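S.K.: Before anything else, here's the structure in question.
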Amino acid sequence: MASTKFPRKEFEKCIKLSEEVKDKISMLGTHLESSSEEEIELEILPNRPDLFSLQGFMRSFLPFINKSKKKEYKIKSSGMKIIVDKSVAGIRPFSMAAIVKNIKFTDEKIKDVMQWQEKIHATLGRNRKKIALGYYILDKIKFPIVYKAEEPEKIVFEPLEMPEKMNAIQILQRHPAGREFAKQLEGLDKFPVYYDSNNEVLSMPPIINSHSLGKITSETKDVLIECTGTSLETLKKVISMAVVDLIDCGGEAYSVEIDYKNKKESIDLKPEKMKISLENANKLLGTNIKEAELKKLLEKMGYEYSNKHVLIPCYRTDIMHEVDIIEDIAIAYGYDNFSPEIPEVATAGKESYSGVLKRKISEILSGLGMLETSSFHLVSKDDLKKSGIKEAIEVEDSKTEYRFLRQDMLLPNLRVLASNIDSEYPQKIFEIGPVFKNDEKQETKISEPNHLAVSIAPGNFTEIKQVLEYLGRMLGKEFKIEEASHKSFIEGRQVKIIHNNQEIGILGEISPQILKNWKIKMPVSSLEININEIMA
């Protein structure tokens, strides 16, 4: 949960905080943590970043209590351009931006904007690693802007709230934000930076804005909003949220063209259309609502509904599937209106053999001082490239760059190690979970066997082989090894694992090229086993 504070005076300009309103706040899926004469504190789930601002909260809350209707948001073209240089491709490859004019900023509105910005950085932005957002004084900027990577000694500007010019290295050493987020640029020869046509620095993402161009005050009327990160679609959602908030403050929105040489991008604030089944909604919720009622419930949650399709607002980053919309239908319907029922079937349950085996493996490896990890089933194209995998099963209509089903557990292990290169060593991890493979014998054409992967960093062949031998003894299983040739492992330092005359896995030392791709600086030894084959 993310704690968000609003000035009570500003909050009650929209609606009085009565006991009924307090109850409704909880029914929306948020929690009223505290309230005083000065401020109101809410606990909001990180999957609803659009609620972190006062404008965003009221945009969802007022329709929920039937106090206002959904607003249509429009954006015009500004004719302005940001050029993305190829030098940022391996650092922070994507940029997105927009302009909002004629805003009537007050000190309270500026605080709300800054609070929302920091909440976005901490949650959706993964502490600025995935997303970094900035606001700038439009009148002081000359377009076109260039987003590129440059040697840190050449990046010289006056950072926000500092009285002198510094180069990028000095900023990382001496500025509070530089020291806090320096880790995001660690190991890079060049740092990302924005320059306008006057060669003035706007910012050095994801660290800090320029003081002269990036300090918003109550005198500011027109702003440029920019965002950098690792996912273009996510940046579009974040910029859309920021723009819509400022439109609700009375501003007028204008798009900025982002020139990637081979393509051009910009935001449009148009809602996304998604099909929804009334039958699926009733089945999942155990209700019997009609289509007219469905339409009213969806409108309470800020959607539009027509002809079995829902229009999803541009600022909703959390809607990825029909079931997410059905969850909102349940909120609008009211959880207090659902009647609990006891199933009419008597059953005697027990833990499955697969569950017993997986739990026992987990206990054995934990006893060896290993940490169990849990990763997503989806991986990105970049993940596949780093692991040298050329083909994988792709899911339809993915809303993020993670659109391929993992086909082994070694890749997630390496991703965890790559994300923790600054943590203390040795690192010993394992994960048990399903992988996905093409299988014509299955009705879905896809099989989902459970795999175990274990990785040690730094580790060698002997250490990981000892883990396999210990696991075999504790499970009462006999594992044999034979020579193998797998592209992810070092030739001559790898073997395939045999159980009941069946090949069930691989073991060895990860190849230096794979480690280099993942920027892992320690030698890694790993094993992967198909648990389904052990059960068979």
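A short reminder: the numbers here are calculations on the coordinates, not readings from a lab. Note that the structure is a prediction, hence the values are computed from the model and not measured. When we count neighbours, we look across all protein chains shown, and the Cβ atoms used for this are built from the backbone with ideal geometry, even at glycine.
S.K.: Just to be sure I follow: if Rg is taken over the C-alpha atoms of the chain and Rh is the Kirkwood radius over the same atoms, what is Rg/Rh? Please report the intermediate quantities before stating the final value.
M.R.: On the way: Rg = 26.5 Å, Rh = 26.4 Å.
For the chain, the value is 1.01.
S.K.: Give me Rg/Rg_expected for the stretch 272-337, where Rg uses Cα atoms only and Rg_expected = 2.2 N^0.38 Å with N residues. Write out the running numbers ahead of the final one.
M.R.: Numbers: Rg = 10.8 Å, N = 66, 2.2 N^0.38 = 10.8 Å.
My calculation over the Cα atoms of the stretch 272-337 gives 1.00.
S.K.: Just to check I understand the Karplus step: with θ = phi - 60° and J = 6.51 cos²θ - 1.76 cosθ + 1.60, what whole-Hz values come out for the stretch 51-64, glycine and proline as x?
M.R.: Result, ordered by residue: 8, 5, 9, 5, 4, x, 5, 5, 4, 9, 6, 5, x, 4 Hz.
S.K.: With runs of 4+ DSSP H residues as the only contributors, calculate the mean residue ellipticity of the chain at 222 nm using -39,500 (n - 2.57) per run, divided by the residue total and rounded to the nearest 500. Walk me through the numbers on the way to the answer.
M.R.: Numbers: 17 runs with 160 residues, N = 536.
One gets -8500 deg cm²/dmol as the mean residue ellipticity at 222 nm.
S.K.: Zone of HIS321 (label point 7 Å along Cα→Cβ, backbone N under 15 Å): which residues in the stretch 407-449?
M.R.: Correct set: 434.
S.K.: Going Cα to Cα from LYS104, which aspartates and glutamates come in below 12 Å? Please leave out same-chain ones fewer than 8 positions away.
M.R.: GLU219, ASP222, ASP248, GLU252
S.K.: Multiply the residue gap between SER218 and ARG359 by 0.36 nm, knock off their C-alpha separation, and tell me the result in nm, one decimal place.
M.R.: On the way: separation 141, 0.36 × 141 = 50.76 nm, distance 5.86 nm.
The span from SER218 to ARG359 would gain 44.9 nm if fully extended.
S.K.: Helix 410-419 versus the longest principal axis of the chain: what is the Cα-based angle in degrees, 0 to 90, to the nearest 10?
M.R.: Orientation of helix 410-419: about 50 degrees from the principal axis.
S.K.: Out of every Cα-Cα pair in the stretch 248-365, what percent are more than 16 Å apart?
M.R.: 73
S.K.: Further question on the same structure: Expressed in nm to one decimal, what extension gain is obtained for the pair VAL21 and GLU186 from 0.36 nm per residue of sequence separation less their Cα-Cα distance?
M.R.: On the way: separation 165, 0.36 × 165 = 59.40 nm, distance 4.73 nm.
Gain in length upon complete extension: 54.7 nm.
S.K.: Would you mind giving the average projected area, over all directions, of the Cα convex hull of the stretch 111-190 in nm² with one decimal? Intermediate results must be reported in sequence, preceding the final value.
M.R.: Working: hull surface 25.5 nm².
Dividing the Cα hull surface by four gives the mean projection, 6.4 nm².
S.K.: Tally Lys and Arg at +1 and Asp and Glu at -1 over the other residues with C-beta under 10 Å from the C-beta of LYS9: what net charge comes out?
M.R.: Values: positive: ARG8, LYS13; negative: GLU10, GLU12, GLU37, GLU38, GLU39, GLU108.
So the surrounding residues net to -4.
S.K.: Next up: Check PHE489: other-chain or 5+ apart residues with amide H under 5 Å from its amide H, H built from backbone geometry?
M.R.: The list, which skips near neighbours in sequence, is SER511.
S.K.: According to the Kirkwood expression over distinct Cα-Cα pairs, how big is the hydrodynamic radius of the stretch 426-486, in Å?
M.R.: Numbers: mean 1/r = 0.0709 Å⁻¹.
One over the average 1/r among Cα pairs gives 14.1 Å for the stretch 426-486.
S.K.: Arrange the following residues from fewest to most other Cβ atoms within 10 Å of their Cβ: SER455, SER511, SER60.
M.R.: Values: SER455 28, SER511 19, SER60 22.
Lowest count first: SER511, SER60, SER455.
S.K.: A further question on this structure: Under the √(5λ) rule applied to the eigenvalues of the Cα gyration tensor, what semi-axes describe the equivalent ellipsoid of the stretch 477-520? Give them in Å, descending.
M.R.: Numbers: eigenvalues 118, 17, 10 Å².
They are 24, 9, 7 Å, listed from largest to smallest.
S.K.: Compute the semi-axes of the equivalent ellipsoid of the stretch 76-265, taking the square root of 5 times each eigenvalue of the Cα gyration tensor, and list them largest first in whole Å. Don't skip to the end; give the middle numbers.
M.R.: Working: eigenvalues 107, 72, 52 Å².
Working from the Cα gyration tensor, I get semi-axes of 23, 19, 16 Å.
S.K.: When only C-alpha pairs under 8 Å and at least 6 residues apart count, what is the relative contact order of the chain, in percent?
M.R.: Values: 980 pairs, mean separation 65.5, N = 536.
This gives 12 percent for the chain.
S.K.: Please list 3J(HN,Hα) in residue order for the stretch 302-315, calculated via the Karplus relation 6.51 cos²θ - 1.76 cosθ + 1.60 where θ = phi - 60°; whole Hz, with x for glycine and proline.
M.R.: Per-residue couplings from phi come out as x, 9, 10, 10, 7, 6, 6, 10, 10, 9, 9, x, 5, 8 Hz.
S.K.: Right, here's the next one. Among the aspartates and glutamates, which have Cα under 12 Å from the Cα of LYS5 when same-chain residues fewer than 8 positions away are ignored?
M.R.: Within the straight-line limit of under 12 Å, LYS5 reaches these aspartates and glutamates: GLU33, GLU38, GLU39, GLU41, GLU43, GLU108, ASP112.
S.K.: Taking the Cα atoms only, what angle lies between the long axis of helix 291-300 and the longest principal axis of the chain, rounded to 10 degrees?
M.R.: Taking Cα atoms only, the helix is inclined about 70 degrees.
S.K.: Output ³J(HN,Hα) for the stretch 112-119: one whole-Hz value per residue in order, computed from phi by the Karplus curve 6.51 cos²θ - 1.76 cosθ + 1.60 with θ = phi - 60°, and x for Gly and Pro.
M.R.: 5, 5, 5, 5, 4, 4, 5, 5
S.K.: Counting other Cβ atoms within 10 Å of each Cβ, which trypsin sites (Lys or Arg not before Pro) in the stretch 291-321 have at most 12 and sit in a DSSP loop? Write down the numbers at each step before the final one.
M.R.: Numbers: sites: LYS295, LYS296, LYS300, LYS308, ARG316; in loops: LYS308, ARG316.
Loop-located and lightly packed - LYS308.
S.K.: Let me ask something else. For the pairs LYS74/LYS308; LYS237/LYS390; LYS140/LYS399, flag any whose C-alpha to C-alpha distance is greater than 32 Å.
M.R.: Numbers: LYS74/LYS308 24 Å; LYS237/LYS390 30 Å; LYS140/LYS399 36 Å.
Result: LYS140/LYS399 exceed 32 Å.
S.K.: Apply 1/(1 + (r/R0)^6) to the Cβ-Cβ distance of SER77 and GLN442, taking R0 = 60 Å, and write down the FRET efficiency to the nearest 0.05.
M.R.: Details: r = 49 Å, r/R0 = 0.82.
Between SER77 and GLN442 the formula returns 0.75.
S.K.: Cβ under 14 Å from ILE331's Cβ, ILE331 left aside: what net charge do those residues give with Lys, Arg +1 and Asp, Glu -1? Walk me through the numbers on the way to the answer.
M.R.: Numbers: positive: LYS24, ARG48, LYS296, LYS300, ARG316; negative: ASP23, GLU299, ASP318, ASP324, GLU327, ASP328, ASP336.
Neighbourhood net charge equals -2.
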